[in-house]
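Since the structure comes first, as C-alpha cells, the remarks are kept for the end.
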Amino acid sequence: MDQLLQHLVNGLVLGGTYALLGIGLTLIFGLMNVVNFAHGEFYTLGAYVAFAALTLAGVNFIVGILAAIVAGAALGWLCEVTLLRPLRNESIDTTMLVMIGVWIAMQNGELLVWGGVAKSIPHPFPTAPLVMGPVAIAPLRVIVLVLAVGLIASSWLLIHQTKLGRAMRATFQDRDTAALMGVSIGRVHAATFAFGSALASAAGALLGPVFLAYPSMGDLASLKAFSVVILGGLGNLTGATVGGLLLGIAEELGAGYISSGYRDAVGFVIIIMVLVLRPSGLFARQERIG
Amino acid sequence: MTLAVSDLAVSFGGVTALDGVSFTVRPGSITSIIGPNGAGKTTAFNAITGYLQPTAGRINYDGAALTGLRPSAIARRGVVRTFQRTSVFPSLSVADNVLTGLHLSSTAGFLDVLVRRRWLVLEESSLHTDVEEIIGFVGLGHRRDEMASTLPYGEQRLVELALALAARPRVLLLDEPGAGMTGAEKTVVSGLIRQVREQGVTILLVEHDMRMVMGISDTVIVLNHGRVIAEGTPGEIQAHPDVIRAYLGAPRGAA
Amino acid sequence: MTALGRGLLAAAMVTLPFWLADPYYLHVVIMAGIFGVLALSLNLLLGYAGQLSLGHAAFFGIGAYTSALLTLKREWSFWPALAAAIALAAAAGWIIGRLALKLRGAYFVLVTISFAGVISLVSVNWIELTNGPLGLPGVPAPDLGPWSLRTKAAYYYLVLAAVALSYAVCRRLVRSRIGRAFVALRENEPLAESIGVDVTHYLVLAAVVSAAMAGLGGSLYAHYTRFVSPEVFLFTYTVTMVIMVVAGGKGTLAGPLVGAVLFTALPEALRLAASWQWQMLAYGSLLVLLVFFLPRGIVPQIVASFSGHPRSAPTSRTPLQ
Amino acid sequence: MGKRSIVLVALVLVALAALTVPGASQAPLKIGVIQPLSGPVAASGNYIRMGAEIARDWINARGGIAGRKVDLLIEDNKSDPKEAASAAEKLIVRDKVPVIMGAWGSSMTLAAMPKLEEYGVPMVVETSSAASITKRGNPWIFRISPPSEMEALGLEQYVDKLGVKRVDFLAVNTDWGRGAISAFGDMLQKKGAAVGAKEFMDQSATDMNAQLTKIKATGGDTLFLTTAVEQITLVMKQAQEQRLGRKIVTTGGSSSPTQLIKQAGAAAEGSYHIVFFMPWFPEAMPDGKLAKAFVDEWAKRGHPFEGLTEGFRGHDGIATIAEAIKVAGKDEAAAIRDALWKVSLMGVNGPIKFEKDGPAGKESGQSKPSIFVVQIRDGKVALPDFLAKK
C-alpha cells in the first residue's frame, strides 16, 4: 500500500511534465498539421539556455526559466517563418521531413556547442525530501509541478481569453473560414509554433535541474509528447493535460508492478488500445482546440 | 430492379434528420428529391449508399437488402452516387480519374497482376477503350491529360459524373449535379442525364434548380423536416399545396 | 527514360562489381540496395496508398530477426528462412493494415510508432528468444546451391535481384487496377468507395505487401551484416526510410531508389568529406535544404523540369483525419 | 532547370566529389578508431578519443614508431551497430588501416567483428564487456577491458568487507547491464548473499522512481548499479529523494565519481565504485608515473577531470597497438595480430598482456586488467572505508 502511494505520487509528478510537453505539441500538431519531430529539441534548448543563464550569466532560477521561454519562442518563430511558411501548401510528410532535418541538425549542433557530457543545472531549493507519511518527494519536484500547473493554466487562459487564442481556435476549426473572417493565418501559425516551442523550452528549463541536460535528451521527450497528444486528442489542451498525467501514472505502475524492462511498452500499449477503441483520443468528443 | 426505401430514419445525437421516409424509385425513371435546406436529402443519399448507418428502416434494391453494406459493396451492386461537394481524384489526370473509376469493370487480383496473365493485357486495353468512350460522352476529350484539380469547376463536376458512370451504375444517385454551374453547363448536364437514362440507368437526383428538376424528372419526391410531404409528377408537385407552403416558408433563389 | 538509357543503366548494374573494384564502394552500394528495397516497400504504403507508417522498422526488424533466428537456432538454410521472414513480416503488416482501417493520418502514424516500440521492447526483453540487447552474432552467409554468397560481389547480385524483384512487384501493382485502387484511397477515400473500391481489402493488401517487402530487406540485412541486435528497430531506421521516400519522390517508382542511393551515399560521403563533429550536423542541414528546395522530391522535380510542365503538380495533402 | 534544380545538382556534385577524394599518402602509420562520438553515449566515446589522442601525441613526440608518425583515423559509429560495421569497412578498405581500436559498446563491437574476419584486420577492444566477444572464436579480437565476469571476480575479495547480505540490481537494459547483473548476481550468490529485485531502465530513461520504489520494498542492504554516469547521477538523486538508504555499488568503471560528486552532491555520499583507473591518487596505480603523467596531460589539455575514468582506455588501447606495431616491425595486419600475442606493456590501468580465450584454434586475446574500488566520502573520492581502516 505504501508502495502504491509512492508510485502514484511519482506518476503524478512525471505526468505533469509529460502534460507540459504534450500541450505545446498538441497545438502545433492540431492547428498546423505539422508532425514536429523537433519538438524535443526545443525541450533540450530550454535546458541548455537555463544552464547557460544560471551558471554562466549567474541569474536567478526564475529568470533562467524566463530566458528559456523567450529563447524557445524566438527560435520557434524563426523556424516557422523561414522553414514552414514557404512549405505551407505541401503535404504533411514534406513538413515532417523538414522538421526531421531540423531535429538532426539541432541535436548535433548542441553536441558541437556543449559537448556530449551531461550538464547538471543548479537550483536554489533544498535537496532533503519532503516526507508525508510513507511518501517522499523532493522540494524541487513540487516546485516544478506547481510551475507546470501554472504554465498549463496560462496556456488555457491564452487560448480562451485572448484575441490570439480566438484566432487560433477559429483557425483550428476551419482554416479557410477563419481566413475569410480576417484572421491572418500566417501570423496565427507563427504564434502557435512560437508558443508551442516556448512551452517545450519551459519544460526543458524546469526539468533540466531535476534531471540533466544533454544533447539527446529531446528524443524521449518528443516520443512522450506525441503519446500525450494522441491520448488527449489533437488540439485538446484538457486532453493533453489529463493524458499526460494518465501516461505518467500508467508507466509508473507498469514499471512498478509488471516489469521495468517493459516500462515504455506500457505507454505504447495504452496508446494502441486507446486508438483502437477510441480512435480520436480519450477525451475528444469531437476535435476542437481549447 | 427497384430501389425501395422504407421507414428510413436517421438521427445524430438527438437530432432527427430523417423520420420514417419511404419511397420507391421505378426502374428506368428519373426521380428527383427536392426540399428546403436541411430537409434530409443528402442524409438520405448517404444512408442509401452506405456512408451512414440508418437508425431504423430498410433499403432494398433488386429484392436484396442494402442496409448494413459498405459503400463499396453497394457500388458493386450497381448503386452508385456522386457527392454534393466536388469530389475527384485531384492529382490524377482526367483519363486516369476515369480509369480508376473503372475499378469494377476489371477483375484482376493480386496474383493475376504479379504474374501478368495474358488476359490482363486484353482487359487493360479494353479499359482504355472505355475511358475514351466515357470521356467523349461527357465531352472532356480536350481535357483528357489535364490534372483534374486544375480544371474549372463545371468541368470537375463532369469528371465526377464520368467517374460515376465508369462504375457502370444501374441506379445513379446524383447529389446536386448542377450546383455552381452556368446555365449552359446545366443544359449540357441535363442532356447527359437524359442520355444516361436512355441507356437504361435509373436516376435518383437531388437538385435545387427547379427548372432542371421539373424539366427532366418523371417523378418528384418532396422532403421537409425529414419526412416525405409529397410525391408525384412535376406537374402535380408544382400544384401541391404542402409543397408551396414548405417553399414559401423557406423561399430560396437559384441554387 | 529512353530505352537506351534504361539498357545502359541495366548493363551498368549487372557489370558493377567488375568496374567498381573497391569493396568499400561495393559495401555502400549493397547497403543502398537493401535500403532501396525498404524504401520501395514504404513507398507502396506512403506514396501510393497514402498511409504514413512510422513503424516500418518493425517489419524490417521482424524480417531480420526471423531470418537470423531460424538460420542460427533451427539451422534452416537461407532460402526457407528468407521466405519465413517475408511471411512473418507480412503477418505483422496484416495487423497494421487492420488497424489502419480505423485510424488515419496522425493517429495511424502514432499507432505504427507504438507498434514498432512494443516490438522493439520485446526484442530487448525476451532474452530466451532474441538474446536480448546482446543481439545475435554470426548469422550465416547465404548459399545458392553449391555456392556460398559470402563475397561482396555475390551478395551484390543477391541484393540486385531483390531490388529488381521489388521494383517489378511495385511496378506491376502500381500499373494495375490494384495500384489505381491504392491511389484512389490516397486521393479521396469516400470517392474511392463510391466507385466500388473495397477499403478494407486494399489497405490491408498495401500493408501486407509493403511489410513483406520490408521483411525481405530485413533478411538481406541480417545475412549481410551477419549480426542482428535490437537496434534494427531504432526509430532512425524508419526515419531514414521516410527521408529516402519523400526526398526521392513519393508516389513515383524511381523516387525511392534514387532516395536510397543518395541517402546511403551521403553519410558515407560526409564521412570522407568532413570530420565526425560536422557529419550529422551537415546531414541534417542538407536534408532541410533539400526539402526546402525540392519539396516534392527529386524525381518529380526532374520529371517536371524535363517535361516542361509547371512544378505545381499538387500532390494531394495526405489526409490528416 | 530552375534554381532549385541547380542546387540539387550542386548537392549531388559535392557528394560525388567527396566520394572521389583520393586516399592519404602512405607515410604515417595508420590506426583506425571507431567510437560513439554522437548519439546517447557520445560523452564516453569522446573521452576515449581524447585519451587515444594523448597516446598518439606522446608516441609522435618520442619520434613515432621506427621513425614513422602515428595517425589516428577516427570514425563515429553513432551508437548504432550498422554504422560500426560501415565504419570498419571504410577504415579497412578505403583507408587501408592495418589495425583498429573500438567500438565501445558490445553490440557495436559484435557488428564490426565479421568485417575483421573478412579482411583479416585485428581490433583492440577497449570498453566492451560482453563475454561473447572473446568466446565467439574470432582470432582478430584483443580485449583490454574486463568482461563482466572478470570484473565480478575482481570484486569478490571485498564482498565480505562491504557487508553485502541482500542485494538488489538496477541496470541499463543493454548487453552491458544485463551481463553485469548475471555476472555479479552469480558471484554474490556464491558468496552467500541473497538476490532481491533485478530491475532495468531504458538507456534514455530519466525517471527511475518506479524501479526504486520497487527496490525499496525488498528490504535489502546493497544496490548494485550498472549504467552510464548520467543515469547513475539520476538514480542517486532519486534514491535520495525516496530515502532508499542503501549501500550503492556501481560497476563497469564508467561511473566517474568526480562527476557524481559534482552533479549528485550529497546523494552520492558513501557510494562505492568499481573503477579501472584512480585518477585521484594516480600514484597508487601499478605504474604511478605513467598514470600521473596521463592525469597531468589530460588537465593540460583542458579535458574535464571526470572523463579520465573513461579516457585512460583510449590511451591504453593505442599504446597496446603501438607496442604491437613496434614488435611486428611493420604495419601489416597479420603481423600486428601475431605481435599482439607477444606484447607486454604497462598501461595506465596496469600490465597488459593477452591470454587465449574462446574455442581452440580460433582464440581471441583477453588481457586481465586491474580492478579497483573507491568510495565517495565527505564529498571526496577516497579508498573505501574498509581498506582505509586497515
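Apply 1/(1 + (r/R0)^6) to the Cβ-Cβ distance of A:VAL276 and B:LEU52, taking R0 = 25 Å, and write down the FRET efficiency to the nearest 0.05.
0.70
Pairs D:LYS161/D:LYS368; D:LYS82/D:LYS115; D:LYS30/D:LYS90; D:LYS214/D:LYS237; D:LYS326/D:LYS353; D:LYS165/D:LYS216: which are spaced more than 18 Å apart, C-alpha to C-alpha?
Table pairs above 18 Å Cα-Cα are D:LYS161/D:LYS368.
I'd like the orientation of helix B:118-138 relative to chain B: the angle between its Cα long axis and the longest Cα principal axis, in ° from 0 to 90, rounded to 10.
Relative to chain B, helix B:118-138 is tipped by roughly 40 degrees.
What's the angle, to the nearest 10 degrees (0 to 90), between helix B:153-166's Cα axis and the longest principal axis of chain B?
70
What fraction of the DSSP beta bridges in the stretch D:75-224 is antiparallel, stated in percent and rounded to the nearest 5?
Antiparallel bridges: around 0 percent, rounded to the nearest 5.
Express the C-alpha Rg of the protein assembly as shown as a ratio against the empirical globular expectation 2.2 N^0.38 Å, rounded to two decimals.
It is 1.02.
Per residue, what volume in Å³ does the convex hull of the Cα atoms of the stretch D:152-203 enclose?
Cα-based convex hull of the stretch D:152-203, divided per residue, equals 66 Å³.
Using Cα-Cα distances under 8 Å and only pairs 6 or more residues apart, what relative contact order does chain C have, in percent?
32
Taking the simple approach of a point 7 Å from Cα along Cα-to-Cβ for both B:ARG227 and D:ASP338, what is their distance in nm?
Placing both labels 7 Å beyond Cα along the Cβ direction yields 10.5 nm.
Averaged across the residues of D:258-264, what count of C-beta atoms belonging to other chains lies within 10 Å of each residue's C-beta?
Counting Cβ atoms of other protein chains within 10 Å of each residue's Cβ and averaging gives 2.
Work out the P(r) tail for the stretch B:86-168: percent of alpha carbon pairs separated by more than 20 Å, whole number.
The share of Cα pairs beyond 20 Å in the stretch B:86-168 comes to 32 percent.
With helices defined as uninterrupted DSSP H runs, which ones in chain C have an alpha carbon span along their own long axis of at least 27 Å and mean Kyte-Doolittle hydropathy of at least 0.5?
C:23-43, C:78-102, C:105-125, C:152-174, C:199-225
Once label points are set 7 Å from the Cα along Cα→Cβ at both A:ASP176 and C:HIS201, what is their separation, rounded to one decimal in nm?
3.3
Among DSSP beta bridges whose residues both lie in the protein assembly as shown, state the antiparallel percentage, nearest 5.
Here the antiparallel bridges make up roughly 45 percent for the protein assembly as shown.
In the calculated pair distance distribution of chain A, what percentage of Cα-Cα distances lie above 37 Å?
Of all Cα-Cα pairs in chain A, 11 percent lie more than 37 Å apart.
If you roll a 1.4 angstrom probe over the protein chains with everything in place, what fraction of the accessible area of the stretch D:150-275 belongs to carbon and sulfur, to the nearest %?
Ligands and nucleic acids excluded, carbon and sulfur reach 49 percent.
Å³ per residue of the Cα convex hull, for the stretch C:23-312?
Dividing the Cα hull volume of the stretch C:23-312 by its residue count gives 143 Å³.
Along the Cα-to-C-beta direction of B:ASP242, a point sits 7 Å from the Cα; which residues of the stretch B:196-229 have their amide N less than 12 Å from that point?
Only B:221-229 fall inside the zone, counting backbone N under 12 Å.
Calculate the dipole size of the stretch A:1-141 relative to its Cα centre from +1 charges on Lys and Arg beta carbons and -1 charges on Asp and Glu beta carbons; express the result in debye to the nearest 20.
The calculated dipole for the stretch A:1-141 is roughly 200 debye.
Looking only at the stretch B:41-80, which residues have a backbone nitrogen under 15 Å from a spot 7 Å from the Cα of B:SER29 in the C-beta direction?
B:62
Computed FRET efficiency, Cβ-Cβ of D:LYS262 and C:ALA3, R0 60 Å: what is it to the nearest 0.05?
0.30
Please give the charge dipole size of the stretch A:2-277, origin at the Cα centre, charges +1 on K and R Cβ atoms and -1 on D and E Cβ atoms. Round to the nearest 20 debye.
About 560 debye.
With each label point set 7 Å from Cα along the Cα-Cβ vector, what nm distance links D:GLU117 and D:GLU355?
If labels sit at D:GLU117 and D:GLU355, their model points lie 2.5 nm apart.
What residues from the stretch D:361-390 fall in the zone where the backbone N is under 17 Å from a label point 7 Å along the Cα-to-C-beta line of D:ALA299?
Backbone N within reach: D:380-382.
Please tell me the relative contact order of chain D in percent, rounded to the nearest whole number, where contacts are Cα pairs under 8 Å and at least six residues apart.
17
Using a 10 Å cut-off on Cβ to Cβ distances, tally the other chain neighbours for every residue of C:117-124 and report the average as a whole number.
That average works out to 6.
Can you tell me, using C-alpha contacts under 8 Å and at least 6 residues apart, the relative contact order of chain B as a whole percent?
Relative contact order comes out at 27 percent.
Take the eigenvalues of the Cα gyration tensor for the stretch C:93-151, scale each by 5, and report the square roots as semi-axes in whole Å, largest first.
Here the semi-axes work out to 33, 19, 9 Å.
The values are calculated or read from the model by the stated rules, or taken from the named source; none is laboratory data. Predicted, not measured: the structure shown is a model, and the values here were computed from it. Don't worry about glycine lacking a Cβ; one is built from the backbone with ideal geometry, like all the others, and counts go over all protein chains shown. In case anyone asks, the SASA skips ligands and DNA or RNA and just uses the protein heavy atoms, side chains included. Shrake-Rupley method; radii C 1.70, N 1.55, O 1.52, S 1.80 Å.
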